[in-house]
Amino acid sequence: MKETYENNQKLINTIALPLFWAAIYAMFPALGEKGINPDYSIEAAISFGLAIGAVIYLLPLLIAVLGSFGMFFASPIFKRRWRKFQSLKRGYYAFILIISLFFLSFFAEFLINGKALFVKYQGKIHFTLFSFESARSFGLKGYGVPNYRMMKQVYQTRNSERAERLKNGTATEEDLKYKDWGDDWVMLPIYPYGPVESLLDELPCRPPHPPTWLTGRWRQAFFEESLFVLPEKQPTDEELKTKYNRPDWVGLDIAKLYREMAVAGLFELKPGVKMPGTFQHLLGTDDRGRDVFARMVYGFRTSLSFALVVSCFCYAIGITIGALLGYYGGTFDIVMQRFVEIWSAMPFLYTVMIFAAIMIPNFWMLVGILVMFKWMGMTYYIRAEFLREKSKDYVAAARAIGCTDGAIIFRHILPNALTPVISFAPFAVVADIGSLVSLDFLGFGLPAPTPSWGELLGQGLANLTKPWLILSPTLAMFCTLLLVSFIGEAIREAFDPKQYSRLR
Amino acid sequence: MYSYFIRRFLLMIPTFIGITFLCFTVTRFVPGGPVEQAVLRYQQAMSQTGEGGGGSSSSQTTQGQISEEMMQRLKEIYGFDKPFYVAYIQWLWRVCHLDLGVSDTHSRPVWDLIKEKFPVSIIFGLTGFLLSYTICIPLGVWKAVKHSSSFDTASSIFVFIGYSIPGWTAGVLLLMLLGGNAYFDLVPLGGKESAAIQPGSYFSQYLQQGGVAADLPEAVRKEYPKLKDTDTINSNHPAYQHIPAEKRAQLTTGKHDDLTWFGRFLDTAWHMILPVFCYVLGLFASHTVLMKNSLMENLGQDYVRTAFAKGLSENVVIFKHALRNSLIPIATGLGHMLSIILAGSYLIEKVFNIHGFGLLGYESLIARDYPVTLGILVIGSMLKLFGNIVSDFLYCIIDPRIRFS
């Protein structure tokens with residue numbers, strides 16, 4: 001450890017200092033103004049100590065672990081296994097697909113968003129994606145965030161009106177300026193609906209709305225009598241049989257009959273009511289009128305990042321503790337193993353539920369809670385690997401040339417002990433995605449407007465007649481988990497090949 | 001070996017204390033606990049009555065204010081008046097005397113609640129668990145025997161599906177498809193038995209003979225004060241024999257209890273189809289793969305080679321020699337049966353609205369009913385701790401090579 005520190009002293013110090021102050025300011029936001037609150041001075045001292053410890057001890061550790069991963073990835077054995085993995089087509093393509101989808105999802109704001117990318121107003125081009133602009137600064141009414149989809153239409157009508165006036169010669173002074181400025185425009189993303197914005201004022205009827213490309217019976221949810229111009233009197237049975245040629249409608253009660261007739265397209269819409277276009281909401285909307293497709297995409301990003309972050313932290317802790325246990329052994333090993341045993345005897349789901357329900361966590365708190373109860377899994381494997389590797393000749397040789405313990409652990413043994421880590425990683429990701437979806441489903445997951453699959457499944461359970469609310473998250477989850485387990489299968493095959501020898 | 005198990009039992013104590021202390025402390029220090037909720041309810045009630053009264057009295061405490069002694073009283077009721085470690089020790093002491101406290105929301109002893117809900121979860125979970133064993137063991141064996149055949153590849157698809165779709169998610173999906181709301185009307189929407197059986201439903205033909213309570217003689221009516229005039233009583237009811245014979249008839253509507261035993265059995269089975277399927281699906285993939293890999297490993301061992309060399313037939317070698325040894329990891333999993341069942345129950349019971357152990361835990365968390373929450377934690381962790389020991393014990397019994405020391 002000391003050696004690692006000395007090797008990377010400059011790097012560590014440059015990272016450590018800002019991190020240290022950032023940690024302190026994050027813990028005591030009041031510090032900058034008032035100084036530490038005297039009531040909390042003990043807690044402050046403890047946190048202060050912890051922060052110092054974290055920076056001084058954890059950072060070199062992190063660098064050392066990353067270093068051993070680097071050595072592991074650079075080794076010829078890894079390269080050979082990687083070639084084997086590439087030759088397993090199913091897993092390799094699943095890997096490529098999921099990595100590129102995940103990468104793409106980080107640019108989701110540019111593709112799927114309710115905000116415009118660029119707005120040109122009065123000759124100036126504004127980049128509006130990440131900034132807050134009030135509607136007034138774009139020539140609309142109100143101080144809130146403008147509805148960019150509406151703004152696009154408003155600009156179009158204004159532009160055409162202006163062209164009309166210029167042609168007729170009734171142009172105002174402002175119109176003349178537009179000759180230099182050019183027309184106003186709004187550039188929307190390809191799919192102009194955001195994951196958390198409610199579309200209730202743009203869509204007719206009550207949510208959830210079905211996917212707009214579906215027709216027929218699926219559109220029944222759109223039917224509401226107030227939207228249609230209803231006939232003055234109920235059509236008689238005779239009329240139904242002859243005029244509409246639908247004898248099966250005879251005998252329906254009036255509400256059902258009108259619904260059927262509306263689905264069949266026999267009614268005119270009332271003036272002012274606009275039905276959504278055919279491909280406007282690919283997967284419909286949820287029970288608060290938010291676009292399901294946008295929520296699915298953002299939910300994919302959240303789920304996968306969450307699972308990766310949780311697995312990384314679990315592995316970091318598990319690897320370090322497992323390595324220390326396996327390498328040093330003795331009393332430390334026995335005590336620590338008992339502790340790990342105690343810790344893993346917790347009923348995982350329920351304890352996490354208790355913590356999450358009581359604390360109402362945000363993303364990083366939820367990560368912390370899950371890591372707290374999940375890090376033990378890896379220690380057993382790493383410990384076993386270390387016990388095996390420790391007795392080998394190269395370790396004795398390293399010791400003979402005077403390597404420190406830290407160097408032996410991180411330089412020599414750990415790169416040789418990382419095989420189980422790699423081969424279990426995809427299945428850990430599967431389990432973590434499952435945990436997040438379960439917690440979100442129960443309502444103990446990420447806070448409310450965060451787009452998530454589990455929350456949508458919960459809505460689906462409450463609205464069993466709205467299949468798109470259940471099918472979308474289930475299918476998204478199924479596909480993701482299937483791809484990840486394909487990867488896992490292929491990695492296991494490539495990295496941990498059990499040659500089953502059989503006589504016949 | 002006995003000393004090993006004694007040590008394991010002793011180790012349970014710190015484990016148990018660790019788990020409960022952690023969760024107990026969390027319930028103490030995080031805002032929004034029962035005291036705050038009670039204050040909130042009180043304030044809401046006060047503001048409502050205050051509006052009705054129209055600001056009459058000036059001597060009363062201002063709206064929404066709670067006097068110091070009342071706050072103290074509230075804290076005493078919910079046990080928040082002492083420092084958390086004292087409260088924890090008192091709680092632990094009571095738990096040692098098998099007293100889990102009284103539920104805040106149900107106003108009943110927690111122990112009674114758990115006793116009432118536990119069998120429901122066990123029936124559903126155990127059926128699923130045992131069914132998954134009866135499916136997964138033969139399938140795993142067959143996959144191992146026919147390794148890399150077309151059967152193996154085809155069944156691997158199902159294993160992958162099992163990995164990728166958590167059981168309870170499949171439950172939501174199937175409930176949507178088969179529950180009668182969108183597509184087919186094959187299964188009930190949830191619960192553990194039919195609340196009402198209408199004429200024309202699947203089970204109306206299994207209804208018992210019965211009569212209306214109004215037809216009972218006066219003297220008998222008095223013995224059963226809870227019966228209303230319109231209540232029907234079935235032939236299991238002790239008062240049934242007093243109904244005049246001409247008034248007895250085949251019931252047309254009723255509840256689960258009004259069915260014959262066969263009808264009750266069918267009704268329960270009908271309600272169990274989907275939840276049990278979800279339990280099975282949740283365990284299917286891992287159990288099948290475990291069984292297959294375990295048998296594959298044994299088939300590569302030397303003793304199998306020896307058995308073949310002796311000239312034994314393939315069936316004898318596989319089923320008599322290898323299979324027995326490869327069942328060891330599967331069999332020890334039986335020790336964890338209860339905790340696996342309970343872990344599944346939190347989600348599956350929520351999906352199917354089965355009022356069992358898991359749903360009780362979920363609802364207690366929603367309502368911040370900490371005595372119930374902690375009670376369920378106690379039972380859950382005890383079962384898990386015992387499960388660990390039982391599976392170790394099973395290991396010892398099944399595999400005489402293993403010696404713990």
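The values are calculated or read from the model by the stated rules, or taken from the named source; none is laboratory data. Just so we're clear, the structure is a prediction, and the values are computed from it rather than from any experiment. So basically every Cβ, Gly included, is an ideal-geometry build from the backbone, and we count neighbours across all protein chains shown. Heavy atoms of the whole protein, side chains included, go into the accessibility calculation; ligands, DNA and RNA do not. Shrake-Rupley method; radii C 1.70, N 1.55, O 1.52, S 1.80 Å.
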*With respect to B:Gly356, determine if the residue is away from chain A (no Cβ under 12 Å) and touching a Lys or Arg at 6+ places or on another chain (Cβ under 6 Å).*
yes
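The rows are residues; the columns are (1) at pLDDT below 85; (2) among the aliphatic types (A, V, I, L, M); (3) not in a helix (DSSP H, G or I).
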residue: B:Phe151; (1), (2), (3): no, no, no
residue: B:Trp168; (1), (2), (3): no, no, no
residue: B:Gly171; (1), (2), (3): no, no, no
residue: B:Glu193; (1), (2), (3): yes, no, yes
residue: B:Gly210; (1), (2), (3): yes, no, yes
residue: B:Ala214; (1), (2), (3): yes, yes, no
Checking B:Ile165, B:Ile157 in turn, the sole residue that is among the β-branched types (Val, Ile, Thr), within 30 Å of A:Ala428 (Cα to Cα) and surrounded by 20 or more Cβ atoms within 10 Å (Cβ to Cβ) turns out to be B:Ile165
The condition from (1) within 25 Å of B:Phe16 (Cβ to Cβ); (2) modelled with pLDDT of 85 or more; (3) open to solvent by less than 60 Å² (accessible area, probe 1.4 Å) that B:Phe404 misses is numbered (2)
Those residues of region A:428-454 that are of a type in the set (A, V, I, L, M, F, W, C) and out of contact with any helix residue (DSSP H, G or I) (no Cβ under 7 Å at 6 or more places or on another chain) come to a total of 2
Scanning region A:263-276 residue by residue, the ones that are in contact (Cβ under 8 Å) with a residue 40 or more places away in the chain and within 13 Å of A:Arg246 (Cβ to Cβ) total 1
B:Lys143: passes all of (1) touching a residue at least 40 places away in the same chain (Cβ under 8 Å); (2) away from chain A (no Cβ under 14 Å); (3) among the basic types (Lys, Arg) but (2)
Exception for B:Pro400 within (1) away from chain A (no Cβ under 11 Å); (2) in contact with a Pro (Cβ under 7 Å, 6 or more places away or on another chain) falls at (2)
Within region B:22-47, of all residues that are open to solvent by 80 Å² or more (accessible area, probe 1.4 Å) and assigned to a helix (DSSP H, G or I), the one farthest from the other protein chains (Cβ to nearest Cβ) is B:Gln44
Condition set farther than 13 Å from B:His147 by Cα and crowded, with 18+ Cβ neighbours inside 10 Å, scope region B:295-307, selection nearest to the other protein chains (Cβ to nearest Cβ): answer is B:Val304
request  = Output yes when any residue across region A:483-494 is more than 9 Å from every other protein chain (Cβ to nearest Cβ) and within 21 Å of the chain's Cα centre (by Cα), and no when none is.
outcome  = yes
If you go through A:Glu389, A:Glu385, the only one that is buried (at least 20 other Cβ atoms within 10 Å of the Cβ) and at pLDDT below 90 is A:Glu385
Checked pairs for region B:163-183, first within 7 Å of chain A (Cβ to nearest Cβ) and closer than 22 Å to A:Gly488 by Cα, second among the aromatic types (Phe, Trp, Tyr) and open to solvent by 10 Å² or more (accessible area, probe 1.4 Å), C-beta under 6 Å and 6 or more apart or across chains, list as B:Ser164/A:Phe478; B:Ile165/A:Phe478
Counting only residues in region B:359-371 that are of a type in the set (A, V, I, L, M) and at the interface with chain A (Cβ under 9 Å from one of its Cβ atoms), the one farthest from the chain's Cα centre (by Cα) is identified as B:Ile366
Exactly one of A:Ser100, A:Ser137, A:Ser68 is under 22 Å from A:Ala316 (Cα atoms), in a helix (DSSP H, G or I) and out of contact with any Gly (no Cβ under 8 Å at 6 or more places or on another chain), and that residue is A:Ser68
Of the residues in region A:231-276, those that are of a type outside the set (Asp, Glu), open to solvent by 90 Å² or more (accessible area, probe 1.4 Å) and part of a loop (DSSP other than H, G, I, E, B) come to A:Lys233, A:Lys243, A:Asn245, A:Pro271, A:Lys274
Restricted to region B:372-385 and to residues being more than 8 Å from chain A (Cβ to nearest Cβ) and touching a Phe, Trp or Tyr at 6+ places or on another chain (Cβ under 9 Å), the residue most open to solvent (accessible area, probe 1.4 Å) is B:Met382
Picked from region A:450-472 (must be at the interface with chain B (Cβ under 9 Å from one of its Cβ atoms) and out of contact with any Leu (no Cβ under 9 Å at 6 or more places or on another chain)), the residue least open to solvent (accessible area, probe 1.4 Å) is A:Lys466
Matching residues in region B:352-371 (in a helix (DSSP H, G or I), aliphatic (A, V, I, L, M) and either open to solvent by 10 Å² or more (accessible area, probe 1.4 Å) or in contact with a Pro (Cβ under 8 Å, 6 or more places away or on another chain) (or both)) number 1
Going through region A:350-368 in order, the residues found to be in a helix (DSSP H, G or I), open to solvent by 10 Å² or more (accessible area, probe 1.4 Å) and more than 7 Å from every other protein chain (Cβ to nearest Cβ) are A:Phe363, A:Trp364, A:Met365, A:Gly368
| message | Within region A:440-449, does at least one residue satisfy the condition of being in contact with an Asp or Glu (Cβ under 9 Å, 6 or more places away or on another chain) and within 9 Å of chain B (Cβ to nearest Cβ)? | response | yes
